[in-house]
1. Kindly provide the pair-distance distribution of the range 258-381 built from C-alpha pairs, with 10 Å bins from 0 and whole-percent values in order of increasing distance.
2. Set the Förster radius R0 to 35 Å, insert the Cβ-Cβ distance between residue 395 and residue 300 as r into 1/(1 + (r/R0)^6), and round the FRET efficiency to 0.05.
3. Would you calculate a helix-derived [θ] at 222 nm for the chain, using -39,500 (n - 2.57) for each DSSP H run of n ≥ 4 and dividing by the full residue count, to the nearest 500?
4. What's log10 of I(q)/I(0) for the range 66-203 at q = 0.16, 0.17, 0.19, 0.20 Å⁻¹, Debye sum over Cα points only, no solvent?
5. Could you pull out every residue, at least 5 positions away or on a different chain, whose amide H is within less than 5 Å of the one on residue 233? Hs are placed 1.01 Å off N in the peptide plane, and Pro or chain starts have none.
6. Residue by residue through the range 290-297, what is 3J(HN,Hα) from phi via Karplus (6.51 cos²θ - 1.76 cosθ + 1.60, θ = phi - 60°)? Round to whole Hz and write x for glycine and proline.
7. Considering Cα pairs under 8 angstrom that are at least six residues apart, work out the relative contact order of the range 88-139 and quote it in whole percent.
8. To make sure I understand the rule: partners must be lysines, Cα under 26 Å from the Cα of residue 393, and not fewer than 8 residues away in the same chain. Which ones qualify?
Amino acid sequence: MRLEKDGQFVELWLDEVRDRFVEFASRVLRSREGAIGDSPEPVTLATRFEFSAADDLQRLLGERLRAGWQRVRDPEREENVDGEPRDPALDAALLADPSDSATALVYADWLQQRGHPRGALIALQHANLDDEAAQLLDEHEDDLLGPLASYLDSDGSLELTWELGFVRRARIGRRGGDSGPQVLWEVLRHPSTRLLRELVIGHHRLGDQNNELMCDLLLHAGPRPTLRLLEIADFDQSELDNIDISRAPIGDLSQLSARYPLLEDVVLKGNGDVALGNLDLPRARRFALRTSGMTRATLATIARAKWPALRELELWFGDPERGYGAQCERADAAALFRCELPELRVLALRNAMFSDEIVPDVLSWAGAVRLEELDFALGTLSDDGARQLIAGKHALPSLRRLGVFECALSPRGMQELRDAGFTVDDRPIAPAFAWREPQQKAGRYASVSE
């Protein structure tokens, strides 16, 4: 991986070293740096531990990116993908509206006149000729996929969804290895993804999901597509339910608003101590932070933000007593009801120790009249909270769904809610929870702590 700044460059990579007396290869961390244009000899860097070369590489890359270094193509190790002909005016029009089929077809003619296969791909996908489009992608893999092709295999490293000749959605995920950052870099820099609107970062490595470098690449690595949807990290599969959410750092997203101002849908899952900076996403319709360790600083950032278009807000809190970084109590969450949320229709206050205690704040909030869904899943809503909801039901005239999966309701409390006219939903909220029978807890505790 190569980075540049102020006329200097640094290259960092891993080399395999095999010992004839050892069955497996070890990896060492190499580097070279100097003035752009120079060819210094590589050196071997010391690592913190015997087998930490891959982690140390990611740590050093992240530090450089946050210090202002720019990720660029490594000419000795990475393919050049910048040879495609482009029309700046057509590019700008499609960046503004990637679904503009009329402009896309004009671009198709322009590209076909210059002999590039993307023109034919646009035309075939516009005509919904999927088989022919797949055949064209296979025949012109070098031009249309390049290094991305090596990750499109059965292990799920990369999944791409196409529209009008360009990749509309990319999902990165691999159950093993440490290729996630490299896959993301290839996605960001390839011409086929320059109109990318949806990016999902899934389970891209074994064990704990550290997404700090993934965030650094997203924010500081050069080409940035006009994302509308960003999900970090989607590891909600049942067989992966043992991942510790408290040991899945999301990373520094303090520049998220500046880098991706068109975001409409943001889902973050992992450690709750995530830097969000001056959060300002005027187009956002959904924002979710799923964590067992919501901090006061992060919650305050969310509460301070302006959300003129937000329709869905989903927050997981955690238990401050369990030692996994959670800090927020009822008073902290109540600050949300002093925000302007004119379009909010779905409010999920999940995995909270204060579910009963927050009910009066919800009912007295002026925006409660607009709520269509209210969700306390994974939290501590008990019969006491249910009776408060029943007594204040008039404050929720638009409510169509009350989410109570894994709360602390008794069968009698559940029945009282239904008798009062609430549409009670106790189904699992994600595949990761589907293995459990829908149930209520015997005690009041946050379901997700570690």
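1. Here the calculated profile for the range 258-381 is 14, 49, 33, 5.
2. Numbers: r = 26 Å, r/R0 = 0.74.
For residue 395 and residue 300, the calculated efficiency is 0.85.
3. Details: 14 runs with 124 residues, N = 450.
It comes out at -7500 deg cm²/dmol, rounded to the nearest 500.
4. Here the Debye-derived log intensity ratios amount to -0.87, -0.98, -1.19, -1.29.
5. 269
6. Computed from phi, the couplings for the range 290-297 are 9, 7, 9, x, 4, 9, 5, 5 Hz.
7. Working: 33 pairs, mean separation 11.6, N = 52.
After rounding, I find 22 percent.
8. Cross-link targets: 441.
Every number here is computed from the coordinates shown, using simple stated rules; none is lab data. The structure presented is a predicted model; accordingly, all values stated were derived computationally and were not measured. Cβ sites come from the backbone with ideal geometry, for glycine too, and all protein chains shown count toward neighbours.
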